[in-house]
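The structure appears right after this line, and notes come after that.
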Amino acid sequence: MLKKILYWASTGILTLIMLFSAYNYFFNHQAIADFYVNMGYPTYLIYPLAIAKILGLAVIWGNFSKALKEWAYAGFFFNTVLAFFAHYMVNDGQHMGALIAFVAVMLSYFTGKEVRP
């Protein structure tokens, strides 16, 4: 029962974080572009990352294919790890959001393997 609660809570938190991120990528583009420039990343990555986040969430919630779900979690894993270190290295104080997202990814992934939604 606890694993089921952890799975749904962590998947919900992951979903909220990624949807908030994608929303900002689309509707607050200039501020996000400024962050990307500050971190040394090209701004042409913003829209593809937003789309990838939405598609990854659709795959996780849709439960279409085990292989696709693994790839979606892998994408979120790399996204959160790289976001953490990018924010940490430029010292903008926003690395904790990426850390929370990383914990949500890990909890959702490992508890989801046992819950089988």
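Points to keep in mind about this one:
- Residue selected from region 89-105 under the condition touching a Phe, Trp or Tyr at 6+ places or on another chain (Cβ under 8 Å) and open to solvent by 40 Å² or more (accessible area, probe 1.4 Å), by the criterion farthest from residue 11 (Cα to Cα): 92
- Residue 18 passes every criterion in (1) at pLDDT 95 or above; (2) over 18 Å from residue 101 (Cβ atoms) apart from (2).
- Condition broken by residue 63, with the remaining ones in (1) closer than 19 Å to residue 6 by Cα; (2) touching a helix residue (DSSP H, G or I) at 6+ places or on another chain (Cβ under 6 Å) satisfied: (2)
The values are calculated or read from the model by the stated rules, or taken from the named source; none is laboratory data. Note that the structure is predicted; figures quoted are calculated from it, not measured. Note: ideal-geometry Cβ built from the backbone for every residue, glycine included; neighbour counts use all protein chains shown. The area values use the complete protein model at the heavy-atom level, side chains included, leaving out ligands, DNA and RNA. Shrake-Rupley method; radii C 1.70, N 1.55, O 1.52, S 1.80 Å.
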